Amino acid sequence: MARPVADGVYLLAVSWPEPVGSNAYLVDDGDVTLVDAGLPIPRRPLEGELRDAGYEAADLDRILVTHYDIDHVGGLARLDVDAPVYIGAADADLVRRRWSPPWNHHKGAFHRLVRRLYSLGKLDLRTVEDGDRIGGFRAVHTPGHNPGHIVYLNDALNTGLLGDLVWETDGRFVAPPWLDSYDTDCIDESIRRVAGESFEHACVGHGRPVSPGGSDRLRELAAEL
């Protein structure tokens, strides 16, 4: 069941138990925004989770994608919506085949295969650069897990949508592992950068949201890197 994380922020329970799948979130700050969309076959239907939160897919003003991984974009294939979809520029180049990672890169090879099945080609795809503002969100480019990974900060709601910048386990944050990332050194740099921000509610793709004290937990991890 969808559950509130903070005023205007809802966790949509589309993820299977870890490590399968990832969370999706709905944010209402006057505009209605879906952040990530889960797997193609979710634990609970995405549209049902939207209804549990009091919304319909037609209410969405936009969709923000933290990065192009199947457990974050797969659910878009089942969502009947005309809203624009925002994605980091480097990941947009990846999915549009303007850039191809080397076959001998462990995650790059996987992406070259997956994008044939999930091209996002029928969506109104719009690219996001570092510092862009999309409605009430501020985009922070956080490469490492993916080249185009984006964290979205909503200052009015004191919320950070962190995607896979970090994963939550037992109330603490950990960095994603090498096997599921492009560059772990870049991940460390990205974590340190976002740790300089301030937000109470940290919404992660894997694990539970950390609220309150979201950025405090992130600074604890940054200090250990």
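The values are calculated or read from the model by the stated rules, or taken from the named source; none is laboratory data. Given the structure is predicted, the values throughout are model-derived calculations rather than measurements. Cβ sites come from the backbone with ideal geometry, for glycine too, and all protein chains shown count toward neighbours. Only protein heavy atoms, including side chains, enter the accessible area calculation; ligands, DNA and RNA are left aside. Shrake-Rupley method; radii C 1.70, N 1.55, O 1.52, S 1.80 Å.
Those residues that are open to solvent by 50 Å² or more (accessible area, probe 1.4 Å), in contact (Cβ under 8 Å) with a residue 40 or more places away in the chain and not acidic (Asp, Glu), I need them from region 212-225; list them, please.
Just the residues of region 212-225 that are open to solvent by 50 Å² or more (accessible area, probe 1.4 Å), to begin with: 212, 216-217, 219-220, 223-225.
Now restrict to residues that are in contact (Cβ under 8 Å) with a residue 40 or more places away in the chain: 217, 220, 225.
Matches in region 212-225: Arg217, Leu225.
Cβ separations smaller than 8 Å between residues 6+ apart or across chains give the following pairs from region 4-23 residues that are more than 18 Å from Arg51 (Cβ to Cβ) to residues that are among the acidic types (Asp, Glu): Ala6/Glu200; Val20/Asp71; Gly21/Asp71; Ser22/Asp36; Ser22/Asp69; Ser22/Asp71; Ser22/Asp164. Screening Leu26 with (1) open to solvent by 30 Å² or more (accessible area, probe 1.4 Å); (2) under 21 Å from Val210 (Cα atoms) gives one miss only, at (1). Of the strands (runs of 3 or more DSSP E) lying entirely inside region 15-103, those carrying at least 1 residues that are farther than 19 Å from Asp164 by Cα are 24-28, 32-35, 62-64.
Would a scan of region 144-163 turn up a residue that is within 18 Å of Ala92 (Cβ to Cβ), assigned to a strand (DSSP E or B) and open to solvent by 10 Å² or more (accessible area, probe 1.4 Å)? No, the conditions are met nowhere in region 144-163. Scanning region 122-140 for residues that are within 18 Å of Ile63 (Cβ to Cβ) and open to solvent by 60 Å² or more (accessible area, probe 1.4 Å) yields Lys122, Asp124, Arg126, Thr127, Glu129, Arg133. Scanning region 109-133 for residues that are among the aliphatic types (A, V, I, L, M), in contact with a strand residue (DSSP E or B) (Cβ under 8 Å, 6 or more places away or on another chain) and within 19 Å of Asp164 (Cβ to Cβ) turns up Leu120, Val128. Any residue at all in region 40-60 that is touching a Gly at 6+ places or on another chain (Cβ under 7 Å), of a type in the set (Gly, Ala, Ser) and modelled with pLDDT of 95 or more? The answer is no; no qualifying residue exists.
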